[in-house]
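The values are calculated or read from the model by the stated rules, or taken from the named source; none is laboratory data. It should be emphasised that the depicted structure is a prediction, and the values quoted were computed from it without experimental measurement. Cβ placement follows ideal geometry from the backbone for every residue including glycine, while neighbour counts extend to all protein chains displayed. All accessible areas refer to the heavy atoms of the entire protein, side chains included, with ligands and DNA or RNA removed. Shrake-Rupley method; radii C 1.70, N 1.55, O 1.52, S 1.80 Å.
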Amino acid sequence: MSFSKLGLSQPLLDAINKVGYQKPTTIQAKAIPIVLKGSNLIAAAQTGTGKTASFVLPILERLSTGNTERKKRARAIILTPTRELALQVNQSIEAYAQFTSIKSMAMFGGVDYAPQKQALIDGVDIVIATPGRLIDLYGQRAIHFDEVETLVLDEADKMLDMGFIEAINKIIARVPEDAQSLLFSATLSNPVRDLAKSALDNPEEISITKHSASKSNIKQWIITVDKDMKSSLLSHLLQQNQWKQALIFIETKHGAAKLVSQLEKRGIAAEAFHSGRNQKVRQQLIESFKAGEIQFLVATGVAARGIDIENLPAVINYDLPYPADEYVHRIGRTGRADAAGEAVSLVSKDNFKNLCMIESRLGHLLERVEIEGFVPRKPVPISILNYVPKHRREEER
Ligand code: AMP
């Protein structure tokens, strides 16, 4: 399958070529024809699947016949949960639309209104906005929705988690009834489905497998274990499995250093990577790890954010990450380009709430394993899916 078979015109194909994509990803091959023909769509797809281009490209195609006719209007609105995502989507649009006359803007809160209002007066075709700021500007009559042809709800699950439902509903109620609606979400949880029901008439549905948040080539599982047995369990795993390399995530730098010395006592060479080590040492560690000279790297989640290593055979969460998105991000470091990868998490009873959040985010329970000799005395209960604790909603607001 090539992009040219999908019904995109030359200016977009030239841009795709310039950006360097060889062929459409699975979601793009599925979604582009559906969006091009004007249908509504609900898609379960995770970041990293190429989902952005899967709706941006056909929207650009549909809009390419003209420009927004009046000031303070847009023909496509893309709602995103965060400012960062709005900026990122806008950047993608600018790249894909570089050979067209289509204009876009990112719109989000926490900054001056004036430049955003001016951009709307100057004229845009696509607005990528966080829901709160968009409805705010709508209330100020800085934007009108009567020319909207397509509305996209991107990362719908995250927008709901962040408490945007009211603003989203207001926007849905105010765009023209015949506008095309597209909803993308990592998981199709019940609240997301409820939103889809109210926003999308007769949608087509795509799911990049049920385990899309968990790419199917990544084998994920958790091992339940008592907290005080984690370090000996890890040694056991590293000795039993034939992992060529593994990146082991741990919460604190003190913990990282301690774990490395515990592993060393059991004859396993590992290195600790955390903010307590100077930049030069960290850089060397990364290079050695990339070169395969270090087999096991024990890293704190914070320090590891900057590690640009993909294609790992195994990622081990010695401690479960928080928030749940961080889990998805971490496991994404393995199983790149459809290679097989493994992601294993050690979970003790005190991690229960965190586990609930991660499994809710994924939309399914993770396979559980108990290892002989490490069966927990304190069992970990089965998670409640769709679990969003109150404090988290408040934190993310
Ligand atoms: P997304 O899932 O939209 O966040 O995209 C993830 C990454 O995949 C982005 O860095 C895109 O630039 C890249 N990408 C999107 N489509 C393709 C493609 N067809 N081929 C290669 N890379 C792509």
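The test for being assigned to a helix (DSSP H, G or I) and at pLDDT below 95 does not hold for K23. Applying a threshold of 9 Å to beta carbon distances and a minimum spacing of six or more residues, or different chains, the list of pairs starting in the stretch 49-60 at a residue that is within 17 Å of E205 (Cα to Cα) and ending at one that is more than 9 Å from the ligand (Cβ to nearest atom) and of a type in the set (K, R) reads T49/K215; S54/K30; P58/K37.
Residue-wise test of (1) away from the ligand (no atom under 14 Å from the Cβ); (2) at pLDDT below 95; (3) not assigned by TED's automatic domain parsing to the domain that holds I165.
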residue	(1), (2), (3)
G50	no, yes, no
N90	no, no, no
E94	no, no, no
T100	yes, no, no
M107	yes, no, no
G110	yes, yes, no
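In summary, S9 fulfils each of the numbered conditions (1) modelled with pLDDT of 95 or more; (2) crowded, with 24+ Cβ neighbours inside 10 Å with the single exception of condition (2). Could you tell me which of the residues G7, G20 is more than 13 Å from the ligand (Cβ to nearest atom) and over 24 Å from A167 (Cβ atoms)? The match here is G7. Restricting attention to the stretch 80-128, the residues that are free of Cβ contacts under 8 Å to residues at least 12 places away in the same chain and either among the small types (G, A, S) or under 21 Å from I16 (Cβ atoms) (or both) add up to 3. With the condition kept exactly as written, say whether any residue in the stretch 231-246 is modelled with pLDDT of 95 or more and among the charged types (D, E, K, R). No, the stretch 231-246 contains no residue that is modelled with pLDDT of 95 or more and among the charged types (D, E, K, R). Screening K170 against (1) at pLDDT 95 or above; (2) open to solvent by less than 40 Å² (accessible area, probe 1.4 Å) leaves a single unmet condition, (2).
A quick yes/no check of all residues on (1) out of contact with any strand residue (DSSP E or B) (no Cβ under 6 Å at 6 or more places or on another chain); (2) among the polar types (S, T, N, Q); (3) part of a helix (DSSP H, G or I):
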| position | (1), (2), (3) |
| --- | --- |
| M159 | yes, no, yes |
| I172 | yes, no, yes |
| D178 | yes, no, no |
| S181 | no, yes, no |
